[in-house]
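The next block holds one structure in the form of structure tokens; read it before the comments.
The values are calculated or read from the model by the stated rules, or taken from the named source; none is laboratory data. Quick caveat, the model's predicted, so the values are computed rather than measured. We place every Cβ from the backbone using ideal geometry, glycine too, and count neighbours over all the protein chains shown.
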Amino acid sequence: MTSSEPALSTPIDATTIDAVVFDIGGVFTIRHHDFVRSALVGGGFDAPSDPLAYHRAHHVAVRAMSDLLTDSDAVHEYEHGMWVHWERGYMRGLGVADVQVAAAAEAVMAMASTTEVKDMWRQLLDENIEGFRRIVASGMPVAIVSNNDGTAEEQLRHFGICQVGEGPLPSVTIVVDSAVVGVAKPDPAIFRPALEALGTDPARTLYVGDTVHADVRGAEAAGMRVVQLDPYDLHADFAHARLATVAALADLLGA
């Protein structure tokens, strides 16, 4: 799954980066197209068959959240409404007719409420995972920080992405799961355990995520550098750094 590469709106100097911290959803995995299609067809809605349509819909939904939120406090105050808005943006991204968007979103959310994360967010983003492996292999210290359900480490091992410590998979310093630590992005406190484990200066630590509201704002509030994965160039009107893929970031870092 690739697209044209957006230019960096804020250049990143690789010599100023000592460590990289990654999100999971939207970076390594997205919801599998079979899951979404099954929910839609089961609800009586038409659904595209092309997997790329679902990849783009994810990022259209991210942009919908960016349009909704005006400040980071809204994430805490309107969390449920925010994700409803995300889901409706996703449906529009799939081409669902406006009159059907709300009902289609409800059908998918109903199925999601009874499905485990690893059974739903199981579409692997191979180009991002390949770039991640290159960065780890380069010797750059790496960590994970994710808003998750308490199973982030299990998911990463299940999908063969990474693990904490020695073993057969690429090794990361720490996996920080919001459900485990009791704080979620964009609260900058969630980044603290990763920064402490890495032992790096926040200003020389780069966070990689796909959303403005949680990832960009959260990392910036923690004093970190940040790059948003924006493969369809949907955030060109924002000033922060953007790249299409983690592979592009690996190139930039010389990994």
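The set of residues in the stretch 226-255 being assigned to a helix (DSSP H, G or I) and charged (D, E, K, R) consists of ASP251 alone. From the list VAL176, VAL183, the lone residue that is among the aliphatic types (A, V, I, L, M) and surrounded by 22 or more Cβ atoms within 10 Å (Cβ to Cβ) is VAL176. Please go through the stretch 38-53 and give me each residue that is surrounded by 13 or more Cβ atoms within 10 Å (Cβ to Cβ), of a type in the set (Gly, Ala, Ser) and in contact with a His (Cβ under 9 Å, 6 or more places away or on another chain), ordered by number. Correct list: ALA47, ALA53. Just so you know, in the stretch 10-37 the residues that are without any contact (Cβ under 8 Å) to a residue 24 or more places away in the chain and of a type in the set (Asp, Glu) include one that is surrounded by the fewest Cβ atoms within 10 Å (Cβ to Cβ), and it is ASP13. The set of residues in the stretch 204-235 being small (Gly, Ala, Ser) and either on the phi > 0 side of the Ramachandran plot or crowded, with 21+ Cβ neighbours inside 10 Å (or both) consists of GLY209, ALA214, GLY218, ALA219, ALA222, GLY223.
Does GLY93 qualify as being closer than 14 Å to ALA64 by Cβ, surrounded by 19 or more Cβ atoms within 10 Å (Cβ to Cβ) and either among the hydroxyl-bearing types (Ser, Thr, Tyr) or at pLDDT 95 or above (or both)?
yes
Quick check: is even one residue across the stretch 213-225 in a helix (DSSP H, G or I), under 19 Å from LEU68 (Cα atoms), in contact with a Ser or Thr (Cβ under 6 Å, 6 or more places away or on another chain) and β-branched (Val, Ile, Thr)? There is no residue in the stretch 213-225 that is in a helix (DSSP H, G or I), under 19 Å from LEU68 (Cα atoms), in contact with a Ser or Thr (Cβ under 6 Å, 6 or more places away or on another chain) and β-branched (Val, Ile, Thr).
Would a scan of the stretch 193-210 turn up a residue that is part of a loop (DSSP other than H, G, I, E, B) and among the aromatic types (Phe, Trp, Tyr)? Looking for residues that are part of a loop (DSSP other than H, G, I, E, B) and among the aromatic types (Phe, Trp, Tyr), one finds none in the stretch 193-210, hence no. Of VAL142, VAL172, VAL246, all but one fail to be β-branched (Val, Ile, Thr), touching a Cys at 6+ places or on another chain (Cβ under 6 Å), under 15 Å from VAL21 (Cβ atoms) and at pLDDT 95 or above; the exception is VAL172. For PHE238, the conditions (1) in contact with a strand residue (DSSP E or B) (Cβ under 7 Å, 6 or more places away or on another chain); (2) surrounded by fewer than 24 Cβ atoms within 10 Å (Cβ to Cβ) are fulfilled apart from (1).
Residue-level check: of (1) more than 18 Å from the chain's Cα centre (by Cα); (2) outside any helix (DSSP H, G or I); (3) under 29 Å from ALA247 (Cβ atoms), ARG134 misses just (2).
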